[in-house]
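Here the structure comes first, spelled out in structure tokens, and everything after it is commentary.
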């Protein structure tokens, strides 16, 4: 579940809001840091990253609660609250500023100054602003749908894994 969650997180943070901009940059026209930061500000990337982390926390909590309830069917409210606290602390510790700084050279690697100018023009337009306005809801709903699917798959795989481990233990040669 952790791998699935982190994969979804990385995909949502880096791919979804910027899917239209993935192309190799021409080294002669590498955008400077200020160009990229201006673009990320226009895209509300920091707020989207925080929202993504918040949504990931919610989805991971639900998955963890489901997993905990499978292992402890009569779990108390206090136990479930502690499971939630674990994920709150985990995601609260993620350094958003450091993550934002880390993406700047990635954009510089893949986009030219001209690319950023064109993309900025689009996102400054009324349609681009609508995309930016609707993107948080789209991301949230997409993550909820993905989280539901992920929990179902994880639950099915978890039962399979538990059965396979039980078989291994049962079939263990006695010494």
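Quick note: the coordinates plus some simple rules give every number you see, no bench work behind them. Treat the numbers as computed from the prediction; the structure is a model and nothing was measured. A quick note on method: Cβ atoms are made from the backbone with ideal geometry, for glycine too, and the neighbour counts reach across all protein chains shown.
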Exercise. Please work out the ratio of the alpha-carbon Rg of the range 96-172 to 2.2 N^0.38 Å and round it to two decimals.
Key: 1.92
Quiz item: What would the Debye formula give as log10 I(q)/I(0) at q = 0.28, 0.34 Å⁻¹ for the alpha-carbon point model of the range 134-175, no solvent?
Solution: -0.86, -0.99
Self-check item: Cα-derived Rg to Rh of the range 38-175, Kirkwood definition
Solution: 1.15
Quiz item: Sorted by mean Cβ packing within 10 Å, highest first, what order do the peptides 65-78, 150-163 take?
Solution: 150-163, 65-78
Quiz item: Mean shadow of the range 30-98, computed from the convex hull of its alpha carbons, in nm²?
Solution: 5.8
